[in-house]
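Values in this text are rule-based calculations from the coordinates and carry no lab data. As the structure is a prediction and not an experimental result, all values here were calculated from the model. With ideal geometry, Cβ positions are generated from the backbone for all residues, glycine too; neighbour counts draw on all protein chains shown.
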Amino acid sequence: MKIKNEKQQLRERRDYLEQLISWQEIVVEKARKRYDIKSNWLISFWIVSNTDTLWFAYEREKGIKDNLQDYLDVINDKLINCS
């Protein structure tokens, strides 16, 4: 079994976070589209959720993405400063 050094661990964590962020971007976009459809279109009766609920869901998903991005920035800083 090969033991990984700190740089390898940071790179793997960075790659995993980048993948999570790309998935979260898809979720944020879906939440935004649902909110836009409910708040702007005449056919909004198809979505039974309230616009406040949809906006809350969008903000929650966006907050998760922002937290992941902040953590990715910390990992990148650690990777740069790693010897």
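Given a cut-off of under 8 Å on Cα pairs at least six residues apart, what relative contact order in percent is computed for the chain?
Normalised by residue count, the contact order of the chain is 45 percent.
For region 61-83 and region 6-21, what is the separation of their C-alpha centers, rounded to whole Å?
With region 61-83 and region 6-21 each reduced to a Cα centre, they are spaced 10 Å.
Can you compute the radius of gyration and Dmax for the chain, using only the Cα atoms, both in Å?
Reported Rg and Dmax, both Å: 18.4, 61.
Work out the FRET efficiency for residue 4 and residue 67 from their Cβ-Cβ distance, taking R0 = 35 Å, and round it to the nearest 0.05.
Between residue 4 and residue 67 the formula returns 0.85.
Using only Cα atoms, find the angle between the long axis of helix 6-40 and the longest principal axis of the chain, and express it within 0 to 90 degrees, rounded to the nearest 10.
Relative to the chain, helix 6-40 is tipped by roughly 10 degrees.
Helix 51-81: angle to the longest alpha-carbon principal axis of the chain, degrees 0 to 90, nearest 10?
Computed tilt is about 10 degrees.
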